[in-house]
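What follows is a single structure, written as structure tokens, with notes after it.
The values are calculated or read from the model by the stated rules, or taken from the named source; none is laboratory data. Treat the numbers as computed from the prediction; the structure is a model and nothing was measured. Note: ideal-geometry Cβ built from the backbone for every residue, glycine included; neighbour counts use all protein chains shown. Side chains are part of the model used for accessible areas, which takes the heavy atoms of the whole protein and leaves out ligands, DNA and RNA. Shrake-Rupley method; radii C 1.70, N 1.55, O 1.52, S 1.80 Å.
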Amino acid sequence: MPSQSRVSATALVTHSALTCVIVQAGRPTRSDALLALAVFCLMAAAVVTDAGPAGRAVVAYAFAAGFGALILASRRCPVGALAATAAGLVVYYSFDLPPVGLAAPVAAALYAAAYHGRPFTAAGIGAALLLVSVSFRLIEGDDVSYVLGIALGSDAVLMVAVIALGDATRSRRALRAQMASQAAAAADERRREAARQVDIERIRIARELHDTLGHTMSVITLQSAVAEEALDAGSAADARRAVTTIGDAARSAMSELRATLGTWLGRPGTREPPPGLDRLGALTDNVTRSGLPVDLKITGDVKGVPTVVGTTAYRVVQEALTNALRHAEASQVTVLVRAAATELNLEVRDDGRGAPNGRLIEPGHGLRGMTERVTLLGGTVHAGNVDGGGFRVQAHLPLKRAAR
């Protein structure tokens, strides 16, 4: 048996090493502190029952404090704390100190190692510790059947249980963290989708306002000039007709503006149906009264054209006529609408000066909105100068009619 001075020196070295490990590990949590206290109390209770000489008891209590201190270090270095605990147990029993078993000192360290993702390492160290414990007890002459039966079985079951518990807790917490991450990602995706829908609605409303007010302001501008010229020439009838056209255009624009804003603000009430192919006649007549003659030709069965296609076609013609009023300096516009079985074709052609350099370098909001509308339905738009003078807008919109 080792001398008392050697035992005390070894305990002092062990305690210093454990203190160093704790300092390096960092600040433990409250649960770590409670678990360390429980380990110390269990070992101290075992020591009390067989304390022996005072010096022997002091050394045993020092080891108990050291094993508890290793639990505090297990959060930052679980494998190191487990290995130190196993080595400490070997040293503890080599000094013939009061028996404390394997459960109290090593169970918490095994759990910590498994919880931090090292279950196989914990199992290996636990198995090695069991082998050393069994060997020591057989060498000391303990009953073979008891050591290899009850003692080995109970210790092995306990070690497997705490390792399994630590690994299961880690897996459960990892699953919760993954689910929380997925929930956060889903929430972010919902926010992005909501923002995208807001942007889509904002663009739609801006396009509606541009199409409605842009055409109306062009008509009002042109008719104001007509009224001014009529007043200068003393033609009250022509001035009255121009003012009447301005009033009709303004009332129509206000009606569409209220409907658009009502939809945007979510106000209840019936909304006026969106303009379609049935209102092309009124649109072209309005432009003709503004001083730019428009020849409208519609061929084919347009009654079966879906509402969304008809509205898109109306907006395309409206934007093309607005551009002709503003920029073309034309004397005549021709609007052709051809309804086929699978496609609706539009053509708006004027005899004006056309676009500069024969092409549109930077199309404005109107032509861009026109293209977006048609593309959304799977159609195409072509706009450009015509040989011999003038400008032409062509649109092709697919039709998906039910088989008759």
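Would you mind putting 280-293, 308-321, 220-233 in packing order, based on average other-beta-carbon counts within 10 Å, highest first?
Working: 280-293: 18.0, 308-321: 23.4, 220-233: 15.7.
Descending mean neighbour count gives 308-321, 280-293, 220-233.
Restrict the search to segment 106-204; then list the GluC sites (Glu not before Pro) that DSSP places in a loop and that have at most 11 other Cβ atoms within 10 Å of their Cβ. Could you put the intermediate results ahead of the total?
On the way: sites: 140, 189, 193, 201; in loops: 140.
Taking segment 106-204 and a limit of 11 other Cβ atoms within 10 Å, the loop GluC sites (Glu not before Pro) found are 140.
Could I have the simple spin-label model distance between residue 76 and residue 237, label points 7 Å from Cα toward Cβ, reported in nm to one decimal?
That separation, rounded to one decimal, is 10.2 nm.
Using only the Cα atoms of segment 110-193, build the gyration tensor, take square roots of its eigenvalues as a ≥ b ≥ c, and label the shape rounded, prolate or oblate: rounded if a/c is under 1.5, else prolate if a/b is larger than b/c, else oblate.
Working: a/c = 8.71, a/b = 4.54, b/c = 1.92.
Verdict is prolate for segment 110-193.
Computing the accessible area with a 1.4 Å probe over protein heavy atoms, can you report the carbon and sulfur percentage for segment 277-398? Kindly include the intermediate steps, with their values, before the conclusion.
On the way: 2930 of 5930 Å².
Within segment 277-398, the accessible surface is 49 percent carbon and sulfur.
Subtracting the Cα-Cα distance from 0.36 nm times the residue separation, let me have the gained length for residue 182 to residue 161 in nm, one decimal.
Details: separation 21, 0.36 × 21 = 7.56 nm, distance 3.11 nm.
Fully extending the segment from residue 182 to residue 161 adds 4.4 nm.
Mind running the shape call on segment 277-398? Use the C-alpha gyration tensor, a ≥ b ≥ c as the square roots of the eigenvalues: rounded below 1.5 for a/c, prolate if a/b tops b/c, oblate otherwise.
Working: a/c = 1.80, a/b = 1.29, b/c = 1.40.
Taking the square roots of the gyration eigenvalues as a ≥ b ≥ c, segment 277-398 is oblate.
On a 1.4 Å probe surface of the protein chains, which of 121, 375, 322 comes out largest in accessible area, and what is the full order? Kindly include the intermediate steps, with their values, before the conclusion.
On the way: 121 45, 375 85, 322 0 Å².
Per-residue accessible area, sorted high to low, gives 375, 121, 322.
Given the C-alpha centroids of segment 132-150 and segment 292-332, what is the distance between them in whole angstrom?
Segment 132-150 and segment 292-332 have Cα centres separated by 101 Å.
With a 1.4 Å probe and every protein chain left in place, work out the accessible area per residue of segment 277-398 in Å², rounded to a whole number. Please list the in-between numbers first.
Details: 5930 Å² over 122 residues.
Normalised by residue count, the accessible surface of segment 277-398 is 49 Å².
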